Every structure is written in C-alpha cells, then in structure tokens.
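The values are calculated or read from the model by the stated rules, or taken from the named source; none is laboratory data. Keep in mind that what you see is a predicted model, and the values were worked out from it rather than measured. Here Cβ is always computed from backbone atoms with ideal geometry, including for glycine, and neighbour counts include all displayed protein chains. The area values use the complete protein model at the heavy-atom level, side chains included, leaving out ligands, DNA and RNA. Shrake-Rupley method; radii C 1.70, N 1.55, O 1.52, S 1.80 Å.
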Amino acid sequence: MLFPFMALAQLNITELGRLDYQALRNSDLSNLWGYTDEFGNEYAVVGVNGTGPNNPGGVSVVDVSDPADPVEVFFFPGPTSIWREVKVYNDHAYITTEAENGGLTIVDLSPLPQSTDLPATVWLAPDWTTSHTLFIDENGRLYIFGSARGNGGVIMYDIMQDPMAPVEIGSYDEWYVHDGYARGDTLYAGHIYDGFFSIIDVSDPAAPVLLGTQDTPNNFTHNVWLDDSGEHLFTTDERTNAFVGSYDVSDPTDILFEDKLQSDPGSGTIPHNTYWLDHYLVTSYYTYGVVIYDVTHPDNMVEVGHYDTSPDHQGDGFNGDWGVYPFFPSGNLIVSDIERGLVILAPDYQRACWLEGTVSDQVSTAPVNQATVTIVGLTASDITGFDGQYGTGYSQAGTYDVAVNAPGYVPALVSGVELVQGQVTVLDVQLEPLVSFALQGVVIDAVSGDPIPDAQVELSSVDYAYGTVSGPDGTFELPAVFADSYAVLAGKWGWRTACPAPQSITQASGPLTIALERGIADDFALDLGWIVSGGAATGGWVREVPVGTVLQGQPSNPGSDVAGDCGEKAYVTGNGGGDAGTDDVDDGSVVLLSPEFDATGMVDAHVRFYRWFFNAGGSGNPNDQMIIELEDGTSSVVVATINANSPGTGAWLLASIDISDHMAPTAAMRLRVTVNDNAPGHIVEGAIDRFELIEMSTTSVQDIAEQLFYSIRPNPSNGAFEVVGGPVGGTITLHDATGRVVWGPVRTMGGTTAVDATDIGAGTYLLSVSDVHGARTTERIMIQP
C-alpha cells in the first residue's frame, strides 16, 4: 500500500506520563531501550545528549513502573553527543556513542530494584573509540555498527564470557553499516549511504558470507527488523517523505519486495526506527510521533495507531521522536522525544480493515497496470502493478465508496463497500477503456511564422505524458492521445521555450499551433543540449526539480528552481535529498557546458543567469569553488570564481556577464560552469537556472536589464503586479506564448508602474520593457488562478 490515511494526532494510543529532561538535565535525548527486573518493574534506559561540562551527556535509568510518576534512579555521565544507541541483554545495558573516545558504556542493571548503585564502565576497544549503533542477538553476540574502524562495517563480540568485557570474534567490513538485526546464524545489515540492506551468514563470525542484498524504497536504509517467522524483514529510510518497507527474505538469495507505507504523505516527515511485535510495526517517526502499522499481511501494511508527542514540530526535520521501545510485559511504550523528554504511552492494538482485489480491462480482461484505487474521503490508496492487483485498508470499519482511476480508462466509482475489522474485503473492478485519437500540430517562429524543425514538444497531465519532435516542416503528430487538460511545452536551442496555460485537448480541438520567440535562453524545462562531465565521486550535474537539503539550518541544495519560468527544473549538482552530505560534490569536479551560441551582431551582449553556490561544513575553512568561464570556440577565460566568502551563499543570485569585458563575441561561444570539491572535503553544492543571452543598450544611462530583473512584484501573481524602476519614457508590453500582445503597450515614467492583467487567464507570459533608445529586455512572469 502506497499512501495511508492522514491520521489524527491520537489514534488508538493514549499518554500515561512524561519525564522532562530539559528540566531534569537541560538536555535533548537520543535513543532508549527498556529493561524489566526480576520483580516485573519496568525501566527506561535513556541516552542523554548533554550540553557541556555542567550538563554532561550520559545514560539515564528511569523507573517507569508507575507511568504517571517516572523517576530517574541512576545516571552515568559521559561526553556530550547527539548520538547514543542502547540495547539490553540479560541484566546489562550497552550504549554506543559517536562522541570522541566515547567507547562502549556498559551498565550492570542486576542490583535493581534493591539498589540503585549500579556498576558502570566505559569499555574501550584497542582499535576504535566511537560507534554509531549496536545489536545483541539471543545468543549473547554483540554487533557493533558504524565504528571508527575500517569502513565502519560490523564488529562481532562475545559478551557471554564477561558482560563487562566484550571479546572480539569476527567482523564484516565490506560496506558501512548504520544499523542491523541478527538472529541465529544470520545478520541483516542496513547500509544507509549505499541505499540497501544485506543478508550475511555469520555462523562463522571469522568468515562471514554475503547471501543477498536489496535496495530500499528511498535508498537510505536506516534500520532493519525481522518478524518472528524469520520470513519477513521491515526497513526504514531516514529521508524526507520516505517509506517503511517490507520484504520476503525467506530465500536470502532471492529477496522479494512486498510493500511500502508512508505516514502523513507530503508533509516531509521522516521515519526513523521500526520494530516488529505480534504482527504490528511500532515506529518512531520524528515529527509525526509514534506510529503503529498492522503488518499481518506484509504485502498490505495499514496504519492503525498514532500519537504525536510534540505536535509543535511538524514536517521535515530531525525533531520529535528518536526512538520507541515496545517490548515491556505491560505493553506500554516508552518514547524518547528529542526535545520533550521521555514519554510513556499505552497502545490499544487494533487490527486493520483490508481492501484488496484486481483491476482489469472490461474488454480484454487483461490486468490494468498503474490504476489508482482510493477509499473516497481518505488518503488510503494503492497503485496496481503489472498483475493488476492492489491492496490498501483503513483503521476503522464502515461503509465506504471506492474510486478507481487509470490512464486510458473511464474512472469508476464503487459505492457501499463494507470494510470489517480484522478481515480482507475483496473488490475486483473492471474499467472501460477510453478511445485515443491522433493529435497534430506545428511549431512556428513567433515573428516570421516560419516552421521550426527539430523542436521538442511535450504534453503532460496528471495521468498522461507525451513527447515528440517536430519534422522538417515544423509539424508533429502524437498518434494516441487521450482527452484531458494538458500543460504544453515546446522549445529548441535558439528559441525561448513556450509554456502556454494548461488547456483542454480533445479529438475536436483541432491541430495545435505553438509559436516560439527567437532568443538564446534556457530555463531547463526541456533538454536543449547542455553537456555534463567531470570526475567527482558524487554530485554530478542533473536537470531535475531541486530537492532541498539543509546543513545546520541553512539551505545547502536549493529546494526549488527560480520562479517565473517554464516548469520547475534547474541544473543542480547532485539531487539525492537526505542529509546535506548525501549527494553533494565529493572528491573532484563536475562540469556543465552550454550549447554554442552566436553573440556577434549584438549591441552590448550579456550572458545572464541565476546561480546557486553553497560551501560549508567539514573540518577547517571551506575551500571549494564554482568557476564560471566563457569560451569563444578556440579559447576560454574565467569570468568569475565563487567561494564560501562570495555574497549570496545558499541562495539564488543573479549573474550578469558583459561578454566584451572578457573577450570578443564570436558565433561559437559557450558558458562553462565547474564546481570543485577540493581536499579536505566540505559540503559543496551548485545550481544554474534561467540562462539567457540578451542585448543591452550601450546608450542607456542604467543597465535596465539588471534593474528589471528584480523589479516585478509579486511573481507569480494573479495578474495584478507592479513593475518597479522601469526606464523613464520606456514602454511595457505583455505577450503570450505565441507572441501576441495581451496587455499594453504602456509608457513608463520611472518609479512604479501598476499592471492589471487579471483578465488574460492563467499561464506563463513574457513581459517586454523597452527604453527610449530601443534597447529591450524581457522577463517571464507567471499568472496563477
């Protein structure tokens, strides 16, 4: 199931008590685990971050037997760190940290409850002093993950001989391991930076054998957990809007993906740690809180419980719930809310109501792929695969309507579908196929009307996407189009990309005529021939919708392109999302090279574009660069070198280059943008958007083009906006994508000119400003409904 319902702040979970660690120790929390003594008393073993010498980090043991009155009974101080991971085996707690020389903290819990004077030590391995996480299997084998040794893989220890002094018995160091789970002779390891989990035979810890690997839905595998049968594994990806995944691992050499589930879709929230208990998954989900999924059917997971421990934190970000422990005999949950402290919850485990079936073609009876099945009024939905099958569900029984939509088919609505708690309702649906039609059109020059060959044409709607290239006479044909409302894109290097307002296209619409205005410009909505190269390990240039990343509260990768152009794409260096260092430029350079353009015959030719550069983090002063060069066909010249001290870091900033300041304009010019990651490494990102070659007036008192670039407000707008600072005695004209004048011309007197174009309809338009000397500059504006 892809998208569950949007749960309320509380669903089948109630709060029993809290312990405020800001008041107790002036500290945030990391992870925690639970311990039950011989008399049934329950304790939380909590990782405390600390803030400095007067408020150290460490391990806190809290008696939660009375959930309404949790009491700290022991604290063992340690270094300040935002990372502590905890596991308990028999009567000993083991705690890892990434604090320098933090080692492995071991606390003997056996004196409880008679004594709170608990023996504790920091055990230091001879060849590592920090580690990220740990696991202890049923046989007393300790697995250390992400240590400061080798690749940070797995180190295995025997803790049965002496629980306070682990003895190394083997290792597996093929990849960095972030977290893992082990049972019997098998280890399941999450490789967060590589985006997959592995299954390893560790029956001989001195000679582990890799059995299989599997990518996870968002390729950032954080933790893994096995069900009691040993046949199904569950994972989290610690990324924005990521999924919890399920897999059939009964054959480690042939791992089968079963399902993925996302809570609070679209909010940006991040899943963290998930644990299996009696066919439920209990997951700490950062800003979303704690969530419970019914995984009785691992191929159709359904959310049945949720509690947000800190509703003031919403969406993306590493705030809220770090960890949850669900294994107490009482059934209570303990949660480490990073900012809000220890929270004790009482879950009411309820079985889901499942909806499953097959979607098929009414005529051919063949299964329908990519059909969306939605329980109306909820966001519970699923998308069929090649077999036409779907699975979704809800937490509450009742009678619901079910909507089924698929590209190329008439939508269907099935009313009165009964969902029953703990049962599977089977609903098979047959869809009536739509009739497609051929769509013709032509791409022409907006001024001359001449046909434009080899122009790219794209049509897209919610359900359909088509693309083609115009022929020698400028015409094109899409042979099988379905009626819908389409956004249209057309462009070619040497003309400005056109993106008229979305329009209804049916068989009766007739041929499309798309007019392009001449000009060297590219907003990267289409691939117009830029070349990417370079030898960096990660962070290569890609033309995509930017996925924002943040480093210490500052944007590192842009979260969007520059507004007011066609589409939402830009060229960015790496775009994998996640942490700031996940897909930035690493260990080398990446190069972006424009197609050739002719800058001869122009009055005061300028290259203009928006650029983004970010350089921070790492050790020492950031030392990376963005180098911008112009080429004339035979030679090149550096026109700008951007570094961490340049203005506008972590933001879109206009760059305007007077070509004649650097070289004589030629007919074979190119722009080259290089981003270098120099040793030692730091976080470095670059981006480019809205490139154009424009002609400035050499007689203008002021560079009106640069002045105008910041002078439309707001953009986008509803059609009412202002042009600020236009040239005295100039004119303002508004054109549509075909070049037709839809507003103006109106004379400007400097200062502010109000434009009311609310009656021309939504779409992307071209605002043209001319001065008294005839120099002209243009700017794209977007008008929204």
- Note on the structure: How many residues of region 673-691 are open to solvent by less than 30 Å² (accessible area, probe 1.4 Å) and either under 19 Å from Pro546 (Cβ atoms) or in contact with a Gly (Cβ under 7 Å, 6 or more places away or on another chain) (or both)? The answer is 13
- Message: Can you pull out every residue in region 178-200 that is modelled with pLDDT of 95 or more and open to solvent by 50 Å² or more (accessible area, probe 1.4 Å)?
- Response: Arg183, Asp185
- Note on the structure: Asp312 vs (1) open to solvent by 20 Å² or more (accessible area, probe 1.4 Å); (2) assigned to a loop (DSSP other than H, G, I, E, B); (3) over 30 Å from Gly578 (Cα atoms): all pass except (3)
- For region 63-75, what are the residues that are in contact with a Leu (Cβ under 6 Å, 6 or more places away or on another chain) and either in a strand (DSSP E or B) or farther than 26 Å from Leu16 by Cα (or both)? Phe74
- Item | In region 658-675, residue farthest from the chain's Cα centre (by Cα) [restricted to those that are assigned to a loop (DSSP other than H, G, I, E, B) and among the aliphatic types (A, V, I, L, M)] | Ala664
- Task: Tell me, yes or no, whether region 383-395 has at least one residue that is in contact with a Cys (Cβ under 6 Å, 6 or more places away or on another chain) and buried (at least 17 other Cβ atoms within 10 Å of the Cβ).
- Result: yes
- Message: List pairs: first residue in region 575-588 and in contact (Cβ under 8 Å) with a residue 40 or more places away in the chain and under 17 Å from His272 (Cα atoms), second residue part of a loop (DSSP other than H, G, I, E, B) and among the basic types (Lys, Arg) anywhere in the structure, Cβ distance under 8 angstrom, at least six positions apart or on different chains.
- Response: Gly577/Arg239; Gly578/Arg239
- Item | Qualifying positions in region 415-440 - assigned to a strand (DSSP E or B), open to solvent by less than 40 Å² (accessible area, probe 1.4 Å) and over 30 Å from Glu477 (Cα atoms) | Val417, Leu419, Thr425, Val429
- Message: Please return the ranges of strands (runs of 3 or more DSSP E) entirely within region 80-170 where 2 or more residues are touching a Phe, Trp or Tyr at 6+ places or on another chain (Cβ under 8 Å) and open to solvent by less than 20 Å² (accessible area, probe 1.4 Å).
- Response: 84-89, 92-97, 104-108, 133-136, 141-145, 154-158
- Query: Out of the residues in region 520-541 that are open to solvent by 20 Å² or more (accessible area, probe 1.4 Å) and among the small types (Gly, Ala, Ser), which is farthest from the chain's Cα centre (by Cα)?
  - Reply: Gly529
- Test each condition in (1) open to solvent by 20 Å² or more (accessible area, probe 1.4 Å); (2) part of a strand (DSSP E or B); (3) touching a Ser or Thr at 6+ places or on another chain (Cβ under 8 Å) for Val443 and report the one that comes out false. (1)
- Task: Please determine, by comparing only the residues of region 245-273 that are over 14 Å from the mean Cα position of the chain (by Cα) and β-branched (Val, Ile, Thr), which one is least open to solvent (accessible area, probe 1.4 Å).
- Result: Val249
- Report yes if Leu434 is more than 28 Å from His279 (Cβ to Cβ) and either at pLDDT below 95 or in contact with a helix residue (DSSP H, G or I) (Cβ under 9 Å, 6 or more places away or on another chain) (or both), otherwise no. yes
- Query: Mind checking which residues of region 762-783 are in contact with a Gly (Cβ under 7 Å, 6 or more places away or on another chain), at pLDDT below 75 and farther than 13 Å from Glu517 by Cβ?
  - Reply: Val769, Ser770, Asp771, Val772
- Task: Tally the residues that are within 12 Å of the chain's Cα centre (by Cα), under 24 Å from Leu526 (Cβ atoms) and open to solvent by 20 Å² or more (accessible area, probe 1.4 Å), restricting the search to region 576-596.
- Result: 2
- Message: Considering only residues that are closer than 13 Å to Leu345 by Cα and outside any strand (DSSP E or B), which ones fall in region 282-305?
- Response: Gly289
